[in-house]
Amino acid sequence: MDQLFDTGEPPRGRTPVPAGEGPLAVRMRPVTLDEVVGQEHLLGEGSALRTAIERGRPHSMVLYGPPGSGKTTLARIVAAGAEAAFEELSAVEAGRAEVRQVIERATHRRRATGEGTIFFLDEIHRFNKAQQDALLPAVEEGLVTLIGATTENPYFEVNAALLSRCQVYELHELDAGDVAVLVCRAIERGECGDHTVGDEVVGFLADRSGGDARTALAALELACRTAGPGSEVTLEHAEDALQRRAVRYDRAGDQHYDTISAWIKATRGSDPDASLYYLAVMLEGGEDPRFIVRRMVILASEDIGNADPQALQVAVAAAQAVEHVGLPEGQYALAQAAIYLALAPKSNAATRAISAARRHVREHGAQLPPAYLRSAAYPGAAELGRGQGYDYPHDAPGHVAGQELMPAPLVGERFYAPDDAEAALRERLAEIRRARGVADD
């Protein structure tokens, strides 16, 4: 883990600040896999990544995840378990010259002692194509084991050639429980001095840090300094440190259901400001954005429907955006969708129609389709009369045939009734019924 030559400088990737004097987030950085919180999907027993770390045989990889999710921590744990030198650069400050120096040192190590090199490149997405290409030969030959870290989707930001030589691991945002574990660990280890920190403060920091452990620990440290030696750290201290107010919001209790109910009703009521307010309450309270956007997709069909079919596309696109970029950037897609859904014309005709159809089936059972509508795609179907006499609509004028399509006992039954917001569909339905020779009720 040391440099090949004693230059009098600290090893690459380390700062001259003693570990015990660094920020709380640095002092609390896990140094073993057992200390890591979260990321069970990557580090579970028997997983490829955990096995590689435990055996000290890491492979080149790109760690992709939001801030404070543990990318740097994991990179250093990988390096600590391997018999290799560790080089660290940030793509924000480094360029091709610095990369070449890393490769030169790696070459000297390999020739002199056979020692390998792990090269941790933070913010790898900041490198342009030429800078990334400079890494290719060393990574491909195994001269260096590259560990890139990025908050941006590497499939868009990292060259395909370099990406093909690395395994991509996506780190998930820590949940509030994970962050609370780290905050409590810092308190229990005495890293906050002799302060008293209550559960309310721990819960606030965990809920309001947005899954960023670094943010929560930095706020805890600042709150302790503000409170003064031997004092109790209050919620007000934590609010001031995090520069956020405590929001009374229980994701597993009444606030969870009351606020989403209010959002639905405000949006259904076509009030974009109220819709945005309740959306903000949920986001500030740490609500899962996937839960919110699922309700948006439902509302787009349940309360808008064919009055504006584009609403469903907007909601689904917002859902895809949330999955793709997460928070905080996903809030923009959520806001866009909330405004669109609030201002869209409203219709629950589709909701009423499917409810009526299902109620009929529940009460009366399912009737068999007429024989001419049933499948004729298997041997013997013709002998049973299946598909015989079907009137193909595309052969009829206007692509509308007059053949009855309901089961015989249900002829004349109506489930769909277009409302005033679906005037165009109501006119189209009337035209179709006239073309089929069916009474327009």
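The figures follow:
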{"item": "Potential extension, Q336-S261 segment - 0.36 nm per residue separation minus Cα distance", "result": "25.1 nm"}
{"item": "Sum of side-chain charges, A161 neighbourhood, beta-carbon under 11 Å (Lys, Arg +1; Asp, Glu -1)", "result": "0"}
{"item": "Under-5 Å amide H pairs with V62, H placed in peptide plane, nonlocal only", "result": "G148, Q167, V168, Y169"}
{"item": "Vicinal HN-Hα couplings computed from phi for region 294-301 (Karplus, 6.51 cos²θ - 1.76 cosθ + 1.60; Hz; Gly/Pro x)", "result": "4, 5, 5, 4, 4, 4, 4, 8"}
{"item": "The chain: angle of helix 199-208 to the longest principal axis, Cα-based, in degrees nearest 10", "result": "70 degrees"}
{"item": "Net charge over other residues, Cβ less than 14 angstrom from the Cβ of A371 (K, R count +1; D, E count -1)", "result": "-1"}
{"item": "Computed P(r) (all Cα pairs; the chain; 10 Å bins; percent)", "result": "4, 15, 19, 18, 15, 12, 9, 6, 2, 0"}
{"item": "Test item: Cα-centred dipole of the chain, Lys/Arg +1 and Asp/Glu -1 on Cβ, debye", "result": "1100 debye"}
{"item": "Nearest-0.05 FRET efficiency for E115 and R294, computed from C-beta distance (R0 30 Å)", "result": "0.05"}
{"item": "Stretchable slack from E83 to V26, in nm (0.36 nm times residue separation minus alpha-carbon distance)", "result": "18.2 nm"}
{"item": "Packing-based order for 194-204, 61-71, using average beta carbon neighbours within 10 Å, highest first", "result": "61-71, 194-204"}
{"item": "Cα centroid of region 52-80 to Cα centroid of region 298-322, whole Å", "result": "39 Å"}
{"item": "Ranked packing of 212-224, 152-164, 366-378, most packed first, by mean Cβ within 10 Å", "result": "212-224, 152-164, 366-378"}
{"item": "Around G148: net Lys/Arg minus Asp/Glu count, Cβ-Cβ under 12 Å", "result": "-2"}
{"item": "Helix-only [θ]222 nm of the chain, DSSP H runs n ≥ 4, -39500 (n - 2.57) each, per residue, nearest 500", "result": "-14000 deg cm²/dmol"}
{"item": "Nearest-ten-degree value, helix 96-112 long axis tilted from longest Cα axis of the chain", "result": "60 degrees"}
{"item": "Cα gyration tensor shape for region 11-170, rounded if a/c is under 1.5, else prolate or oblate", "result": "rounded"}
{"item": "Spatially proximal aspartates and glutamates relative to K265 (Cα-Cα < 15 Å; intrachain offsets below 8 disregarded)", "result": "D273, E302, D303"}
{"item": "Partners for K129 among lysines (Cα-Cα distance below 27 Å; same-chain residues under 8 apart left out)", "result": "K71"}
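Bear in mind these aren't lab numbers, they're just calculated from the coordinates by the rules spelled out. Bear in mind the structure is a predicted one, so any value in this text is a computation, not a measurement. So basically every Cβ, Gly included, is an ideal-geometry build from the backbone, and we count neighbours across all protein chains shown.
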